[in-house]
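K.L.:
My questions all concern the structure below.
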């Protein structure tokens, strides 16, 4: 069985393992093709690529781009692009700068409910520049404010809670263009999380397709069997490729382990068929 996982994270963003460790773990799990898709950051790609060559894994350059669409936050995975492309690098840098601003606002909100120094404390859990909500979650759990990460999000980070910050990310058009102009493929990550309903999903995928989008993450660590069929139908209808990804962040903080086991429905063309001739 050829095992493909096109959505994973290292500690360059909010994963636990460093890029070397992630690749070593992928080899242990018998993964044949892996993409490292850190949030808005490609700093780990060269290290991961080198380790992949050593261990015989077909490595795919990846990134998970934060996007705003109709007042919703969407995540888009870019795959198989030139990581030295200047426009992509500049776009991602701008998003990361926005993450810093958001993190400071999150810290301010937490301070208002009696949790001081949250920005400085959360930064200790972020190995690189990207500071995300999960780093605040680790801090809050470590200091006993919550029992676990899931509780943190429910208590502090969702809409209406003290750590929630509404933020404008990259536009859908910009994100697709950055990825395409760098020679890559744009894929909608874990679409089941967005809860758009029967009216918005078709509009969203149609706009994504018209802008030059390539695929949908039909199989994701956070999606059910019913959702697999649901999004496979959208992929077929809009002539989009299907992708698979565990969204692995590390043990104890992931929906599932590295290396998805579900098969992509036969009616959907696998996006990795576009990568099998590259390395």
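K.L.:
Inspect region 123-133 for any residue being touching a residue at least 24 places away in the same chain (Cβ under 8 Å), assigned by TED's automatic domain parsing to the domain that holds residue 38, within 21 Å of residue 93 (Cα to Cα) and crowded, with 22+ Cβ neighbours inside 10 Å and give the result as yes or no.
P.N.:
Taking every residue of region 123-133 in turn, none turns out to be touching a residue at least 24 places away in the same chain (Cβ under 8 Å), assigned by TED's automatic domain parsing to the domain that holds residue 38, within 21 Å of residue 93 (Cα to Cα) and crowded, with 22+ Cβ neighbours inside 10 Å.
K.L.:
Scanning region 235-249 for residues that are outside any loop (DSSP other than H, G, I, E, B) and free of Cβ contacts under 8 Å to residues at least 40 places away in the same chain, which turns out surrounded by the fewest Cβ atoms within 10 Å (Cβ to Cβ)? Spell out the reasoning first.
P.N.:
First, the residues of region 235-249 that are outside any loop (DSSP other than H, G, I, E, B): 235-237, 241-245, 248.
Still in the running and free of Cβ contacts under 8 Å to residues at least 40 places away in the same chain: 235-237, 242.
Working: 235: 25, 236: 16, 237: 12, 242: 24.
Checking each candidate, the answer is 237.
K.L.:
Of the residues that make up region 250-272, is at least one more than 14 Å from the chain's Cα centre (by Cα), in contact (Cβ under 8 Å) with a residue 60 or more places away in the chain and in a helix (DSSP H, G or I)?
P.N.:
Looking through region 250-272, at least one residue is more than 14 Å from the chain's Cα centre (by Cα), in contact (Cβ under 8 Å) with a residue 60 or more places away in the chain and in a helix (DSSP H, G or I).
K.L.:
Would you pick out the residues in region 184-205 that are within 19 Å of the chain's Cα centre (by Cα), more than 17 Å from residue 235 (Cβ to Cβ) and surrounded by fewer than 18 Cβ atoms within 10 Å (Cβ to Cβ)?
P.N.:
Hit for region 184-205 is 195, nothing else.
K.L.:
Only one of 231, 208 is in contact with a strand residue (DSSP E or B) (Cβ under 6 Å, 6 or more places away or on another chain), in contact (Cβ under 8 Å) with a residue 24 or more places away in the chain, over 18 Å from residue 80 (Cα atoms) and buried (at least 22 other Cβ atoms within 10 Å of the Cβ). Can you tell me which?
P.N.:
Within the list 231, 208, the selection yields 231.
K.L.:
At least 2 residues that are outside the structural domain of residue 118 (by TED's automatic domain parsing) and in contact with a helix residue (DSSP H, G or I) (Cβ under 9 Å, 6 or more places away or on another chain) in each: list the helices (runs of 4 or more DSSP H) lying fully within region 144-215 that qualify.
P.N.:
172-181, 197-211
K.L.:
Here is a follow-up. Looking at this structure, is residue 35 farther than 27 Å from residue 208 by Cβ and out of contact with any helix residue (DSSP H, G or I) (no Cβ under 6 Å at 6 or more places or on another chain)?
P.N.:
no
K.L.:
Do you know which of the residues in region 211-228 that are within 16 Å of the chain's Cα centre (by Cα) and more than 19 Å from residue 170 (Cα to Cα) is surrounded by the most Cβ atoms within 10 Å (Cβ to Cβ)?
P.N.:
Checking each candidate, the answer is 218.
The values are calculated or read from the model by the stated rules, or taken from the named source; none is laboratory data. Please read all numbers here as calculations on a predicted model, not as lab measurements. Virtual Cβ from ideal backbone geometry, glycine too; neighbours counted across all protein chains shown.
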